[in-house]
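The values are calculated or read from the model by the stated rules, or taken from the named source; none is laboratory data. Since we're looking at a predicted model, the values are computed, not measured. Cβ sites come from the backbone with ideal geometry, for glycine too, and all protein chains shown count toward neighbours.
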């Protein structure tokens, strides 16, 4: 299994053997239950659908209610599909995975959605310097000229302009695992993690660090 669905619990601090303070982000990973298994014969690829978090059954749609009822599983809040490797051939519906999946792993990648900042100007969104701060300039925080004269008389695509900031899918790569706590279904990682406290994440074994190790 390459990764698990999780939740951002918040920030904390731990101390290493030399007494140095290490800021960490606490991530709850699992328990994740296998809700469905995709096979090469039926679907053309090998994968499992993982479920995470409790959900009240009356909040589900009828198709989802039947989806869980088919395998006699409790309702789950989040569903996500994860590809399987050759070593995961024995995984079956109903199996549960938790933080102990990351024991012996040094780094992870964390995928989540950043906090939404709403509609923002170019200074906050793109870090532009803005206009003169002197009295009466009238261009303190404006983007400046954006046109292209008479030809081609339009604004080119991908021009840095005001607009929606945040609420985008982001991957924080190569975060070091400081501690794994299977009894609490938690791992402690060194580094910042996208999204608010309580936000849903996907935590996977680091791709780049694994490639270097191999």
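Considering (1) surrounded by 15 or more Cβ atoms within 10 Å (Cβ to Cβ); (2) within 20 Å of residue 195 (Cβ to Cβ), say which one residue 101 fails and leave the rest.
Checking residue 101 against (1) surrounded by 15 or more Cβ atoms within 10 Å (Cβ to Cβ); (2) within 20 Å of residue 195 (Cβ to Cβ), the one that fails is (2).
Residue under question is residue 193, and the condition is that it be part of a loop (DSSP other than H, G, I, E, B), at negative phi and surrounded by 14 or more Cβ atoms within 10 Å (Cβ to Cβ); does it hold?
Numbers: part of a loop (DSSP other than H, G, I, E, B): yes; at negative phi: yes; surrounded by 14 or more Cβ atoms within 10 Å (Cβ to Cβ): yes.
Criteria met by residue 193.
Scan the range 22-54 residue by residue and report those that are part of a loop (DSSP other than H, G, I, E, B) and either buried (at least 20 other Cβ atoms within 10 Å of the Cβ) or touching a helix residue (DSSP H, G or I) at 6+ places or on another chain (Cβ under 8 Å) (or both). Full working, then the answer.
Restricting attention to the range 22-54, the residues satisfying the condition of being part of a loop (DSSP other than H, G, I, E, B) are 30-31, 39, 44-46.
Matches in the range 22-54: 30, 46.
Residue 19 fails exactly one of the following numbered conditions: (1) in a loop (DSSP other than H, G, I, E, B); (2) free of Cβ contacts under 8 Å to residues at least 12 places away in the same chain; (3) in contact with a strand residue (DSSP E or B) (Cβ under 6 Å, 6 or more places away or on another chain). What is the number of that condition?
Against the list (1) in a loop (DSSP other than H, G, I, E, B); (2) free of Cβ contacts under 8 Å to residues at least 12 places away in the same chain; (3) in contact with a strand residue (DSSP E or B) (Cβ under 6 Å, 6 or more places away or on another chain), residue 19 comes up short only on (3).
Right, residue 2: surrounded by fewer than 20 Cβ atoms within 10 Å (Cβ to Cβ), at pLDDT below 90 and touching a strand residue (DSSP E or B) at 6+ places or on another chain (Cβ under 6 Å) or not?
Values: surrounded by fewer than 20 Cβ atoms within 10 Å (Cβ to Cβ): yes; at pLDDT below 90: yes; touching a strand residue (DSSP E or B) at 6+ places or on another chain (Cβ under 6 Å): yes.
In short, yes.
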